[in-house]
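Read-outs: derived from the displayed coordinates by stated rules, not from any lab. Note that the structure is a prediction, hence the values are computed from the model and not measured. Cβ placement follows ideal geometry from the backbone for every residue including glycine, while neighbour counts extend to all protein chains displayed.
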Amino acid sequence: MILEGIVTTLAADGSVHVAPMGPLVDSTPNDNDWRRFVLRPFQTAQTYRNLVAHPEGVLHVTDDVLLLARAAVGALDPPPPLVPATRVRGHVLRDCCRWYEFRIVARDDSAERARLDAEVVHAGRGRDFFGLNRAMHAVVEAAILATRLGFVPRAEVDAAYRQLAVLVEKTGGPREREAFAFLEEYVRRAVKPRAAGE
C-alpha cells in the first residue's frame, strides 16, 4: 500500500528539506506499527540526494493538506515548525499526527526511481488524525498533478482540477480551500495556455 506522507531529510549544509512522498508500507491489522517501509524517490530529487549523503530521515503522517500542497511545489516559506528527532540526526514536524524516524538499510539505483529500504528506529505520536474527508484527498491529488506539469498534458490537468474543485467546494473547510486555491494559482502561473495559432 502507498501512504501519502511527508519526509524530512538533511541537506549537506544541515538545512532541512521537507517533501511529500508516498512510501510503500505493509497494510497489516496494526497499520501504525511499521518496522520497515520503502521510499521510491526519483534520483534527481533532493530527498534522494540527501538520503544518499546522510541515510536518515523522518516520515510523517499528517492531515495538513496545506503543508503538503506547499511542500509539493517547493513553496515552504516560512518553513513549518520543527523539533529535533530522538534517534536520528534530523527533524520532526511539530504539528503532525505520527512520525517514524528511519535509517536507510539498502539502496537500489538501477531504475530512474531508486528503491530505498528504510528501517524504523523510533516512532512517535503528535495529535489525533482528523479523519477522512474528500476535500483532503482532492488536494492531495491536485498536489500530485502539480508536480507532474512537465509531462501531463494541460487539458488533462485542467479537467482534473475542475473535477477536484467540486469536491473541495462541497466538502472542504477553510484549510482545504486555501490549499486548493494555492495549487490552482501555482498551476495557472506555471502552465500558461498557448495562444491561438501556436
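The figures follow:
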| read-out | value |
| --- | --- |
| Nearest 10 degrees, 0 to 90: helix 154-171 Cα axis against the chain principal axis | 80 degrees |
| D (Stokes-Einstein, µm²/s), Kirkwood Cα radius, the chain, 1.002 mPa s at 20 °C | 121 µm²/s |
| Linear extension gain, residue 166 paired with residue 112, 0.36 nm per residue minus alpha-carbon span | 16.0 nm |
| Between helix 174-190 and the chain: long-axis angle, C-alpha atoms, 0 to 90°, nearest 10 | 70 degrees |
| Largest to smallest principal axis extent of the C-alpha atoms in region 125-167, angstrom | 39, 22, 8 |
| Overall dimensions of region 1-99 by Cα: Rg and Dmax, Å | 12.9, 40 |
| Rounded if a/c under 1.5, otherwise prolate or oblate - region 91-196, Cα gyration tensor axes | oblate |
| Relative pair counts by distance (%), Cα atoms of region 42-122, 10 Å bins | 17, 45, 35, 3 |
| Dipole moment magnitude, nearest 20 debye, region 134-190 about Cα centre, only Lys, Arg, Asp, Glu C-beta charged | 20 debye |
| Loop-located trypsin sites (Lys or Arg not before Pro) in region 65-146 whose Cβ has at most 15 other Cβ within 10 Å (DSSP) | 87, 89, 94, 127 |
| Calculated FRET efficiency for the pair residue 121/residue 181, C-beta based, R₀ 35 Å, to 0.05 | 0.35 |
| Relative contact order [Cα under 8 Å, 6+ residues apart], the chain, whole percent | 20 percent |
| Gain on full stretching of the segment that runs from residue 154 to residue 35 - 0.36 nm per residue minus C-alpha separation | 38.8 nm |
| Using θ = phi - 60° and Karplus 6.51 cos²θ - 1.76 cosθ + 1.60, couplings along region 148-153 (whole Hz; Gly, Pro as x) | 10, 4, x, 9, 9, x |
| Calculated diffusion of region 134-190, Stokes-Einstein form, Kirkwood radius summed over Cα pairs, 25 °C and 0.890 mPa s, µm²/s | 223 µm²/s |
